[in-house]
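Worksheet: the structure to be examined is printed underneath.
The values are calculated or read from the model by the stated rules, or taken from the named source; none is laboratory data. Note that this is a predicted model, so its numbers are computed, not measured. Using ideal geometry, Cβ is built from the backbone for each residue, glycine included, and neighbour counts are taken over all protein chains shown.
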Amino acid sequence: MIKRNLRDIQKMTQGSLSKEDYKDLSIEGVSTDTRSIGKGQLFIPLIGENFNGHKFIKKAIEKGASATLWNKDEPIPDIDFPFILVDDTLLALQRLAKEYRNQLKVKVIGITGSNGKTSTKDILASLLGTKYKTKKTMGNFNNHIGTPLTLLDLDEDTEMAVVEMGTSNFGEISLLTDMAKPDVGIITNIGEAHLEGFLTRENIAKAKLEILEGLPSHGLFIYFGDEPILKKQIANMEFQNKILSYGTEKFNDYICELEVMDQNSLSFSLKTPISQNFFVPMLGKHHMYNATAAIIAARHFDISLEAIQEGLYHIDKTGMRNELVYAEGFTILDDSYKSNPGSVLAALDTLYDLDEYEQKIVVLGDMLGLGEDEVRMHEEIGMKIDPSQVEYIFTIGSLAEHIGKAARMNFEKSKIISCANKPQLVEQLKKVIKPKSLILVKASRSLELEDVVDSLKKDVVLPEDKVV
């Protein structure tokens, strides 16, 4: 993590130090949250719609903060403490991260896309970690606050940084790529996530392509070539960078093909430009694409095929994403971290492919941020659920209710249950779960359906005469 004296911090943030006496005092790391701030860190109080971090300065000092950035417009407390005055603490955080990244010798790989960012990040970090000191974005720290915190958490001797970049509006990826200055940029796909802000998938592709603004002329751009919208926009662009595409279509530079998949893993082959089989201990066909993107980037940094396979065996996966959770007598496919039409269909495909279960149930919550066509998109999901594969559909949320209504075209009315809240959802599920059931749980992040997963795992006990 960043270790600098306050004179350096002042210069990097373009701020002014409250007292020159503090100029040689050092900080080690930064934090925007007094709940997790550590001793010796720089406190960066941010201002949001419903909070003002400046109000927690005393708490930060009690927890051991060494200094703080401070908005010039905020009253300065009458305490003897190092304040670095800046015009805006958020902009100062971003400026500090950009300057720090420029001082490091680290190679950065930036990853964006509607789906698959986090899994691709996890896979690539594991591959690079076989040869280099590697760090990655933790959790979902992929926005205008999380990305600078990720960069400032890098150690001076970090060799590789895998940085996830999310967006919901034009200009956000541009901001993040300007800070991170990636040597390699990856676009995993273009889906319907954040249509509320972008209106069309073409606009989403345009926003994701902002990642190229940070790439140097010798950098590498990797993208999912099976996506026609992305392919069309790229065809009309001029590039100084090296470009490589991947997918199942024959025109891609890297062509992948699924070989075998079960409930714990998948095997796939790369047909060109190498002929090699790979084993991935992750669930779902879509991880073939995520792994392929990661393999291309790893090969760019001279990771051997043997090391790549070793790295694939030891992926440190981020939770609540297409993860099998084993309960007493039944299984939950926990994909509760986020939801959009593309990721729901991928999760359903995974559910269908797992054929060793005697009953399959889907629990779907609202898909948020889809814009004015949100009702239609929920209805389309309902119409696409396969009644030969799924016995019950449970929904939660006013938008997800449209999934259930549309599914009545193919399902008996009694097999579709819409619930008003999570406790009701759990109680209704308890009534139908059988031994050897598989339950898919998926919704947008704000619904926090991991609570349902936890409740089912903890509270559902099958009667003894049902246990097989």
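If you scan region 102-121, which residues turn out to be of a type outside the set (S, T, N, Q) and in contact with a strand residue (DSSP E or B) (Cβ under 7 Å, 6 or more places away or on another chain)?
Val106, Lys107, Val108, Ile109, Gly110, Ile111, Gly113, Lys117, Lys121
Condition test on Val460, is it crowded, with 22+ Cβ neighbours inside 10 Å and either within 20 Å of Glu328 (Cα to Cα) or assigned by TED's automatic domain parsing to the domain that holds Asn169 (or both)?
It is false that Val460 is crowded, with 22+ Cβ neighbours inside 10 Å and either within 20 Å of Glu328 (Cα to Cα) or assigned by TED's automatic domain parsing to the domain that holds Asn169 (or both).
Which pairs do you get when a residue that is more than 15 Å from Ser66 (Cα to Cα), found in region 5-21, comes within reach of a residue that is small (Gly, Ala, Ser), reach meaning Cβ atoms under 7 angstrom, with the pair 6+ apart or on two chains?
Thr13/Ala92; Gly15/Ala92
Can you give me the number of residues within region 199-234 that are in a helix (DSSP H, G or I) and either in contact (Cβ under 8 Å) with a residue 60 or more places away in the chain or in contact with a Cys (Cβ under 8 Å, 6 or more places away or on another chain) (or both)?
Total satisfying the criteria: 4.
Could you list, in sequence order, the residues of region 39-53 that are more than 22 Å from Arg4 (Cα to Cα) and crowded, with 17+ Cβ neighbours inside 10 Å?
Scanning region 39-53 gives a single hit, Gly53.
Just give me the residues in region 58-108 being part of a loop (DSSP other than H, G, I, E, B) and of a type in the set (Phe, Trp, Tyr), in sequence order.
Phe81
Part of a loop (DSSP other than H, G, I, E, B) and of a type in the set (S, T, N, Q): is that true of Ser414 in this structure?
No.
Go through the residues of region 101-123 one by one and say whether even a single one is closer than 19 Å to Ile9 by Cα and surrounded by 17 or more Cβ atoms within 10 Å (Cβ to Cβ).
yes
Return the residues of region 317-335 that are part of a loop (DSSP other than H, G, I, E, B) and either modelled with pLDDT of 85 or more or under 17 Å from Lys360 (Cβ atoms) (or both); say none if nothing qualifies.
Asn322, Ala327, Glu328, Gly329, Phe330, Asp335 - these are the residues of region 317-335 that are part of a loop (DSSP other than H, G, I, E, B) and either modelled with pLDDT of 85 or more or under 17 Å from Lys360 (Cβ atoms) (or both).
Quick one: is Glu391 surrounded by fewer than 15 Cβ atoms within 10 Å (Cβ to Cβ) and either without any contact (Cβ under 8 Å) to a residue 24 or more places away in the chain or touching a strand residue (DSSP E or B) at 6+ places or on another chain (Cβ under 9 Å) (or both)?
no
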